[in-house]
Amino acid sequence: MTLRNICVYCGSNPGRNPIYVEQARALACALVERRIGLVFGGAHVGVMGVIADTVLDAGGMVTGVIPQSLVDKEVAHMGLTELVITDSMHERKMIMAERSDGFIALPGGIGTLEELFEVWTWAQLGFHRKPCGILNVAGYYDGLARFLDHAVAESFVKTPHREMLFVETDPTVLLDCYEQYTPPNVEKWLSRAEM
């Protein structure tokens, strides 16, 4: 599949381990090497700022999408290729999704998890057919991956839906998966037990 832009969800903090920032830079370089633009949350702080700066420094294109409330708190990155200012978080997430051909979660907090799960749910429901995945840096998402497998074993998540979320430790491998991605033909339906 053709990847023009990838949306990256990540932390507004750098995290405790320097490898989180290092791998954000590695993903940024991999995007630029493939001429893939970055779409992200528009802040200059934390892992978000690092990945944006690295893409820009390497000559890539960066679109930031940020609500006015965060611009008012002076966290907006003012040196981007394009900065889109929205009225709400909901509008922010919709624009990020519309402008992207795939989605990657780097280490982050509650907001990162919420964005990842929402866009993955949209894929499960057939609202889009774009790849979703996690760059599992230094085992950050090991526990989440185990939990998702547990949810499958307990029949709350169907195997085809679980397989729609890639979990990789290498940014190049993850992007290779995206370029080869064929969306599965899955439908969300409620069994009598779920009604």
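Rule-based calculations on the coordinates, nothing more; no lab input. The model shown is predicted, which means the values in this text are computed figures rather than measured ones. Every residue, glycine as well, gets a Cβ built from its backbone with ideal geometry; the counts of neighbours run over all protein chains shown.
Key figures for this structure:
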quantity: Hits among aspartates and glutamates - C-alpha to C-alpha of Lys158 under 14 Å, sequence gap 8 or more where chains match; calculated: Asp149, Glu187, Glu194
quantity: Straight-distance crosslink candidates among aspartates and glutamates, where the alpha carbon sits under 19 Å from Lys93 and sequence neighbours closer than 8 are dropped; calculated: Asp72, Glu82, Asp101, Glu114, Glu115, Glu118
quantity: Fully extended contour minus Cα-Cα distance, from Met89 to Met1, at 0.36 nm per residue; calculated: 28.8 nm
quantity: Extension reserve of the Glu74-Asp170 stretch, reckoned as 0.36 nm per residue once the Cα distance is removed; calculated: 31.3 nm
quantity: The chain - charge dipole about Cα centre, Lys and Arg +1 at Cβ, Asp and Glu -1, debye rounded to 20; calculated: 240
quantity: The chain: calculated mean residue ellipticity at 222 nm from DSSP helix runs of at least 4, using -39500 (n - 2.57); calculated: -12500 deg cm²/dmol
quantity: Inter-label distance, nm, simple model (7 Å from Cα along the C-beta direction), Thr81/Ala138; calculated: 2.9
quantity: Where GluC sites (Glu not before Pro) fall in DSSP loop in the range 74-117, at most 12 other Cβ within 10 Å; calculated: Glu74
quantity: Most to least packed among 151-157, 62-68, 175-181 [average Cβ atoms within 10 Å]; calculated: 62-68, 175-181, 151-157
quantity: Segment Asn13-Thr121, length gained on full extension (0.36 nm per residue, minus Cα span); calculated: 36.3 nm
quantity: Spatial separation of Cα centroids for the range 38-101 and the range 118-188, in angstrom; calculated: 24
quantity: Shape call, the range 75-140: gyration tensor on alpha carbons, a/c limit 1.5; calculated: oblate
quantity: Among beta bridges that DSSP assigns inside the chain, antiparallel share in %, nearest 5; calculated: 5
quantity: Cα→Cβ-extended label distance, 7 Å offset, between Thr159 and Glu98, nm; calculated: 3.8
